[in-house]
Each structure stands twice: as C-alpha cells, then as structure tokens.
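Scroll down for the structure; my scribbles are underneath it.
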Amino acid sequence: MASKPQIGTGNATVINTGEEVIVSITVTNIGSETASKVFLTGATLGAARRISPQNFPMYIGNLTNEGSGSIGARFSTTGLTPGQQYLLTLRGTYEAGGTLGFVVNRYVMIPQPAPYATPRLRSHVNVLLNNATWTYTIFNDEPLGSSLHIAAFHLDIVAPTTVTGTPHGWQSESDLMTYVGWISGDAHIAPQQALGGFEIQSPTGRSESTSYSLTSWDHAANNAGPVGLDSVLSPSRAR
C-alpha cells in the first residue's frame with residue numbers, strides 16, 4: 001500500500017439529458033496517510049464546455065485511507081457523441097506536509113439522451129466579488145410563457161457571514177455560519193427575468209464554490225415547482 005496520500009477515482013455515473021451531460025464520480029484516497037483539505041480545482045471532459053462548476057476551488061473533504069468524496073460536474077453536449085468515450089480529467093490539491101497537487105483521468109461513455117428523472121428548474125446564479133462582498137444575481141432561464149417563477153434562494157456557506165443586501169419584496173434568514181436564505185411571498189422572478197442585490201460580507205477575502213438551490217413557485221398550479229441546484233462562489237473556509 002502506498003505510504004502517502006494517493007488520489008484515485010471510483011465509479012462514474014453519466015446522464016445525458018440531450019441538453020447537457022451530468023457526471024457524478026467518486027474520488028478516493030487509496031494511500032495510507034490522510035489527505036487533508038482536498039479541493040477540486042479543475043474538471044474537463046474531452047473538449048466539451050463545462051457548465052458547472054462555474055468556478056473553483058470546490059471542497060471535497062478530508063480523506064483518510066479509503067475515504068472518499070463525491071464530485072458532480074455538468075458539460076455541454078456539443079462535441080460529445082453518444083456511444084463514444086471521452087477523457088474526464090480532474091485536478092485538485094490536498095494537504096499532507098504541505099500543499100500538493102493531483103490529476104486523475106478516467107474515460108467515460110456518453111449514453112443516449114434521455115429526459116432527466118426529476119424536472120429541474122432552468123436557472124442560474126452569477127456572483128460579483130468586491131472588497132469581501134459577494135453580490136448575487138438570480139436568473140430565471142425558463143422560457144417565456146412558463147408558469148415557473150423563482151421564489152426562494154438558499155446558499156450554503158462555510159465561513160462567518162453577514163447578510164448586507166436583500167432585494168425589495170424579499171426577506172433573508174441565516175445562522176451566519178452554514179446557510180443564507182432569501183424568500184419572497186409575491187416579488188417572484190419571472191421567466192427570462194433576473195434580480196440582483198442578494199449580498200453577503202465575510203472577513204475572509206477568499207472564495208470557494210458551495211451549493212445553492214433556487215425554488216420555484218408554479219403560478220398556474222399555485223404550488224411549489226421544480227428546484228434548480230448548482231454551485232457558486234461564496235466565502236471560503238479557513239485554508
């Protein structure tokens with residue numbers, strides 16, 4: 001057995017929705033020493049455009065011997081042919097007596113397109129970082145005429161954070177350490193519209209990608225609709 005951390009990959013799950021290819025893969029430490037503070041810093045699949053994560057680094061975890069963490073990435077289907085194999089390359093860093101880098105490669109097969117099992121909200125979030133202030137803009141990418149309007153934004157955080165901006169008609173809540181949430185009763189974000197002004201501050205000036213969710217409200221059915229899940233930069237944990 002290797003006497004130092006050694007990062008490898010486990011099984012990969014690949015979904016082709018026809019619009020994007022979703023790859024979920026396990027990263028495992030097959031060495032005998034712990035790899036601390038493992039971060040993903042890059043992901044490519046052939047020459048396909050990466051949709052998510054938009055930015056790096058992304059925290060994987062502290063991996064003991066045989067310890068593992070899960071990575072998810074989404075790529076454009078342009079240039080990816082169903083039935084063909086493409087090289088998935090993951091890059092990252094870990095701590096073991098210093099900061100070390102790793103690169104792992106694995107060929108994955110692109111399956112035939114099929115609808116995603118659970119409907120997903122078409123949406124995305126952009127962030128602007130300036131002077132330890134993270135300002136988010138939410139985009140509803142549903143087509144015009146859709147009844148799905150965005151009613152809530154939940155952001156995972158991993159560092160002390162203060163909410164410093166909330167758009168008109170929205171309310172914020174946070175425990176200031178693990179999550180920030182914004183919700184609106186009636187000032188929802190309509191299809192093909194965007195709303196900014198969701199703002200947080202943190203003593204750290206560094207960022208890492210953390211998960212977020214956008215919850216829709218179906219104005220036709222008058223109940224909760226699909227959720228959009230992804231990651232975006234937020235204040236970084238202690239490094």
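Could you check, for the range 142-160, whether at least one of its residues is part of a strand (DSSP E or B), in the same structural domain as residue 201 (by the TED database) and among the charged types (D, E, K, R)?
For the range 142-160, residues part of a strand (DSSP E or B), in the same structural domain as residue 201 (by the TED database) and among the charged types (D, E, K, R): present.
Farther than 28 Å from residue 18 by Cβ, in a loop (DSSP other than H, G, I, E, B) and out of contact with any helix residue (DSSP H, G or I) (no Cβ under 6 Å at 6 or more places or on another chain): is that true of residue 181 in this structure?
In short, no.
So which of 108, 104, 127 ends up being under 29 Å from residue 161 (Cβ atoms) and touching a Leu at 6+ places or on another chain (Cβ under 9 Å)? Give the derivation first.
On the way: 108 fails: under 29 Å from residue 161 (Cβ atoms); 104 fails: under 29 Å from residue 161 (Cβ atoms).
Only one candidate qualifies: 127.
Counting only residues that are surrounded by 20 or more Cβ atoms within 10 Å (Cβ to Cβ) and not small (Gly, Ala, Ser), which one in the range 140-153 is nearest to residue 197 (Cα to Cα)?
Across the range 140-153, the extreme among qualifying residues is 153.
For residue 40, indicate whether it is of a type in the set (A, V, I, L, M), closer than 17 Å to residue 17 by Cα, at pLDDT 95 or above and under 17 Å from the mean Cα position of the chain (by Cα).
no
So is residue 238 over 21 Å from residue 41 (Cβ atoms), of a type in the set (A, V, I, L, M) and either outside the structural domain of residue 53 (by the TED database) or touching a residue at least 24 places away in the same chain (Cβ under 8 Å) (or both) or not?
On the way: over 21 Å from residue 41 (Cβ atoms): no; of a type in the set (A, V, I, L, M): yes; either outside the structural domain of residue 53 (by the TED database) or touching a residue at least 24 places away in the same chain (Cβ under 8 Å) (or both): yes.
Considered against the rule, which asks whether it is over 21 Å from residue 41 (Cβ atoms), of a type in the set (A, V, I, L, M) and either outside the structural domain of residue 53 (by the TED database) or touching a residue at least 24 places away in the same chain (Cβ under 8 Å) (or both), residue 238 comes out as no.
Out of 35, 47, 12, I need the residue that is surrounded by 15 or more Cβ atoms within 10 Å (Cβ to Cβ), closer than 26 Å to residue 111 by Cα and not acidic (Asp, Glu). Which one?
After ruling out the rest, the residue left standing is 12.
Do we find that residue 180 is within 21 Å of the chain's Cα centre (by Cα), under 29 Å from residue 70 (Cβ atoms), hydrophobic (A, V, I, L, M, F, W, C) and surrounded by 19 or more Cβ atoms within 10 Å (Cβ to Cβ) in this structure? Break it down into steps so the answer makes sense when it comes.
Values: within 21 Å of the chain's Cα centre (by Cα): yes; under 29 Å from residue 70 (Cβ atoms): yes; hydrophobic (A, V, I, L, M, F, W, C): yes; surrounded by 19 or more Cβ atoms within 10 Å (Cβ to Cβ): yes.
The answer is yes for residue 180.
Which residues, taken from the range 214-238, are buried (at least 17 other Cβ atoms within 10 Å of the Cβ) and small (Gly, Ala, Ser)?
216, 225, 228, 231, 234, 236
Is it the case that residue 95 is in contact (Cβ under 8 Å) with a residue 12 or more places away in the chain, farther than 25 Å from residue 192 by Cβ and exposed (fewer than 14 other Cβ atoms within 10 Å of the Cβ)?
Details: in contact (Cβ under 8 Å) with a residue 12 or more places away in the chain: yes; farther than 25 Å from residue 192 by Cβ: yes; exposed (fewer than 14 other Cβ atoms within 10 Å of the Cβ): no.
So residue 95 fails the test.
For the range 187-239, what are the residues that are aliphatic (A, V, I, L, M) and assigned to a loop (DSSP other than H, G, I, E, B)? Explain how you work it out, then say what you get.
Of all residues in the range 187-239, those aliphatic (A, V, I, L, M) come to 187, 189-190, 194-195, 200, 214, 220-221, 224, 227, 229, 232-233, 238.
Once the filter is applied, which keeps residues that are aliphatic (A, V, I, L, M) and assigned to a loop (DSSP other than H, G, I, E, B), the range 187-239 yields 187, 190, 220, 221, 238.
Just to be sure before I move on: is residue 103 out of contact with any helix residue (DSSP H, G or I) (no Cβ under 7 Å at 6 or more places or on another chain), within 30 Å of residue 179 (Cα to Cα) and either in contact (Cβ under 8 Å) with a residue 12 or more places away in the chain or part of a strand (DSSP E or B) (or both) in the structure I sent? Steps first, answer last, please.
Working: out of contact with any helix residue (DSSP H, G or I) (no Cβ under 7 Å at 6 or more places or on another chain): yes; within 30 Å of residue 179 (Cα to Cα): no; either in contact (Cβ under 8 Å) with a residue 12 or more places away in the chain or part of a strand (DSSP E or B) (or both): yes.
For residue 103, the condition - out of contact with any helix residue (DSSP H, G or I) (no Cβ under 7 Å at 6 or more places or on another chain), within 30 Å of residue 179 (Cα to Cα) and either in contact (Cβ under 8 Å) with a residue 12 or more places away in the chain or part of a strand (DSSP E or B) (or both) - is not met.
Could you check, for the range 109-118, whether at least one of its residues is in a strand (DSSP E or B) and surrounded by fewer than 17 Cβ atoms within 10 Å (Cβ to Cβ)?
yes
The values are calculated or read from the model by the stated rules, or taken from the named source; none is laboratory data. Since the model is a prediction, treat every value here as computed from it, not as a measurement. Neighbour counts are summed over all protein chains in view; Cβ atoms, including those assigned to glycine, are modelled from backbone coordinates with ideal geometry.
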